[in-house]
Each structure stands twice: as C-alpha cells, then as structure tokens.
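Written below as structure tokens is the structure these notes are about.
What follows draws every value from the coordinates through simple rules; no lab data is involved. Remember, it's a predicted structure, so these values are computed and weren't measured experimentally. Please note: Cβ atoms are built from the backbone with ideal geometry, for glycine as well, and neighbour counts cover all protein chains shown.
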Amino acid sequence: MVTTATKLEGVLVLEPRVFSDARGYFFESWNARAFREATGLDVAFVQDNESRSPRGVLRGLHYQLEQPQGKLVRVARGRVFDVCVDLRRSSPTFGQWEGFELSEENRRQLWIPAGLAHGYLVLSASADVLYKTTDFYAPLHERTMIWNDGDLQIAWPVETGQQPVVSARDAAGVAFSQASLFE
C-alpha cells in the first residue's frame, strides 16, 4: 500500500496494491495490519456505509460534533470529487479544505480523521461510495456545513450552468463562520 500525506493534517491518500491479469483484478480494500504499517495508526472500525447516487448529487458537508468519526472512504463504482474541511481549532490546517478524485479506476482510498467535515460530488453517471467509520452514526450530534460557503470557496467541479442536487438538510447547512468546531 502506498500512503501519501495531503496538505490537511492527518488526511491520507491510500493506494492499494492491485493484482491484475486476464481474469480481472484483486486487491485488499481493508487490512488492519497493512493499514497500521502504512500509516502508523491503529483504528477500529465499527460501521460500514454504502451510498449510490446519480451524477450531480452532492452529499455533505457532514460531521459529528460528539462521537466524531474517522472515515476510510473509497469508490467501488463511478467517480466522485471528495472534499474534507479541517474543523479542528488546534490543527495547523484549521479552516482549510482539500479535494480528491476517488474512482473505481484509481482505487484510491481516503483516510479522514475525526474532526473534519466531509462531502462529495458525483462526477460519473452514478457512483457507489463505501466508507468505514470509527464511531457509530449519531443523528443527535450530526452537523452540516453548507457546501458552497463563501469563506471556504470550495472549488467543486460543477458543470457550467448546473446546480448540484442536495438534500433539504444539506441545503440548510450553516456557514463555516457559524459552525460548531472541534478543539
């Protein structure tokens, strides 16, 4: 597994070793020992999530203030633009965002530590996104930041003249300046 640090403190791009031949391909999408050796982190996942969305759907930016979740995200089918925003006041990258293309072709995975907001925009006809979390979903503690916050100025690759399809909850997200933050 190749691990690449990103500009955001603690966020990592992981590229698994893929074995391909005439029959197709094989790779380990999760191996605790390999993850620990590659990242130095010993994490325990408690929940697996899967979503399917059509082109233009934007999910996010989500986080849980209590019971914060670390996430290991990958795309099994399709292609997305995945975004993380650092909400940890004590982090040297506090208030910064970074975007990554995750796809079935590049097979990259994204490790997002607790304390960051997360969202993605579907770029392909549809996409299946899979992610593991280090804590359980806690709807009472879930928060949503608005995807198009003027201060953050996230460069979502939205097609000219198009608006992303967002849920009512995501459309009502708060601005970064009003968001509940982590220490």
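Work out, step by step, the length gained on full extension between Gln162 and Leu41: first 0.36 nm times the residue separation, then minus their alpha carbon distance; give nm to one decimal. It would help to have the intermediate numbers written out before the result.
On the way: separation 121, 0.36 × 121 = 43.56 nm, distance 4.00 nm.
Roughly 39.6 nm would be gained on extension.
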Taking alpha-carbon centroids only, region 124-183 lies from region 1-52 a number of Å equal to 23
In whole Hz, the Karplus estimates of ³J(HN,Hα) for region 92-99 (6.51, -1.76, 1.60; θ = phi - 60°; x where Gly or Pro) are x, 10, 3, x, 9, 10, 8, x
The long-range amide H neighbours of Leu61, using H built 1.01 Å from N in the peptide plane and a cut-off of under 5 Å, are Met145, Trp147
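For the residues Met1, Met145, what sequence is obtained by ranking on other C-beta atoms within 10 Å, fewest first? Numbers along the way, then the final one.
Numbers: Met1 15, Met145 24.
By the 10 Å Cβ count, ascending, the order reads Met1, Met145.
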Under 16 Å by backbone N from the virtual spin label 7 Å along Cα-to-Cβ at Glu15, the residues of region 42-83 are 75
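Taking other Cβ within 10 Å of each residue's Cβ, how do Phe19, Phe45, Phe27 sort, fewest first?
Working: Phe19 10, Phe45 17, Phe27 13.
Listing Phe19, Phe45, Phe27 from fewest to most nearby Cβ atoms yields Phe19, Phe27, Phe45.
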Applied in sequence order to region 17-28, the curve 6.51 cos²θ - 1.76 cosθ + 1.60 (Karplus, θ = phi - 60°) yields integer Hz couplings, x standing for Gly and Pro, of 7, 10, 10, 10, 7, 4, 7, x, 9, 9, 7, 7
So Arg169 and Ala34, fully extended at 0.36 nm per residue minus their Cα-Cα distance, gain in nm 44.9 nm
To the nearest 20 debye, region 33-183 has a Cα-centred charge dipole, built from +1 on Lys and Arg Cβ and -1 on Asp and Glu Cβ, of 260
Semi-axes in Å, largest first, for region 57-183 (Cα gyration tensor, √(5λ)) are 22, 18, 14
Leu140 and Glu105 label points (each 7 Å along its Cα→Cβ direction) are spaced in nm at 4.6
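Just want the ordering: Tyr25, Tyr137, Tyr120, Tyr131, from fewest to most Cβ atoms lying within 10 Å of their own Cβ. All intermediate terms of the calculation are to be shown ahead of the outcome.
Values: Tyr25 9, Tyr137 13, Tyr120 28, Tyr131 22.
The fewest-first ordering by Cβ neighbours comes to Tyr25, Tyr137, Tyr131, Tyr120.
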Of 3-9, 60-66, ordering from highest average Cβ density within 10 Å down gives 60-66, 3-9
Residue by residue through region 146-153, the couplings from Karplus 6.51 cos²θ - 1.76 cosθ + 1.60 with θ = phi - 60°, in Hz, x for Gly and Pro, are 5, 5, 10, 4, x, 6, 6, 6
